[in-house]
Amino acid sequence: MSSSNPFDEDQNKYDYMFRYIIVGDSNVGKSCLLLQFTDNKFRQNHEATIGVEFGGKTIEINNKKIKIQIWDTAGQEIYQAITRGYYKGATGAFVVYDITRKETFEHVEKWLEDVRTNASKDIQVILIGNKKDLESERIISFDEGNALAEKHNILFLETSAKTSFNVKEAFVKSAEKILESILKTGIDPNKINQNVKISNKDDDEEDEIREKKKLCCL
Ligand code: GDP
Ligand code: MG
C-alpha cells in the first residue's frame, strides 16, 4: 500500500499517539482518504482493500507531536462483518459517506451504531462527506450532512480525497478535540484509553512489536 512506513524511526518521536479507524460503505473513498493524508496521493482506481491496511503520519498541534495511526477496513464492509478487534482501542473514528450516493448517507447511522457498540465510549467521531469535487453529481447537501452530525453531536466536514480538500483538516480538527479533552481532564491518557499514549523511548520498541502482531492476527 502506501510508501510511508509506520515503523519509520522518525515517526516514533511523538508526544501522543492516536489510533483512528475509518468506516463507511464500500467505495466512499476510505482508502483514498488514508492515502491522501499519509502520502498526498490519489489513485483513480484504487484496488479494493484486502486485509487490514494501515498508515501513519505525525502532525503537530499546539507544539505537541501527534502520531496519527490509521487503520483502514479491509473489504469486510461488504459483508458487514468488521470485527470487534478492529474497533478496540481506537481513539478516533472517521465515518465516511459519498455525497453523490444517497444510500451511503442512509447507512451512516448504522455505522455510527457499530462504532458506539464496539469502540470505547470516549472515541472521537467525525462524519465525513467525501467526493466534494463531484459537485455536479451531489445528492446530499452540506446542510443534510451537518444536521446529521449535529443530531449525533459529532464533528462534520466535507472532503475530497481527489483534490485533498479538507483531508488534513479533518485529522487536525479531530485530533485537536482529543488533545483538548486530554488536557482538560488532566488525566493520564494511559489510564483513560490504552491507545492514547505519551511517548516513552522504551515503549516504542514494544509498540512496534505489538503493531506487527496486530497486523498478522487481524
Ligand atoms: P473505499 O472502498 O471506501 O476504500 O473506497 P476507495 O478509496 O477505494 O475509493 C473508491 C473509488 O472512489 C475509487 O475509484 C476512487 O478513485 C474514488 N474516489 C475516492 N475518493 C474520491 C474523491 O474524493 N473524489 C472522487 N472524484 N473520487 C474519489
Ligand atoms: Mg478501501
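A short reminder: the numbers here are calculations on the coordinates, not readings from a lab. Everything numeric here is computed off the predicted structure, so don't read it as measured data. Positions of Cβ are generated from backbone atoms using ideal geometry, with glycine treated the same way; all protein chains shown enter the neighbour counts.
Worth pointing out:
- Between Ser141 and Thr185, the simple label model (points 7 Å from Cα in the Cβ direction) yields a spacing of 3.8 nm.
- Set Lys67/Lys102; Lys13/Lys132; Lys151/Lys184 screened for pairs whose C-alpha atoms are more than 32 Å apart: Lys67/Lys102; Lys13/Lys132
- Its relative contact order, with pairs defined as Cα atoms under 8 Å and 6+ residues apart, puts segment 78-145 at 43 percent.
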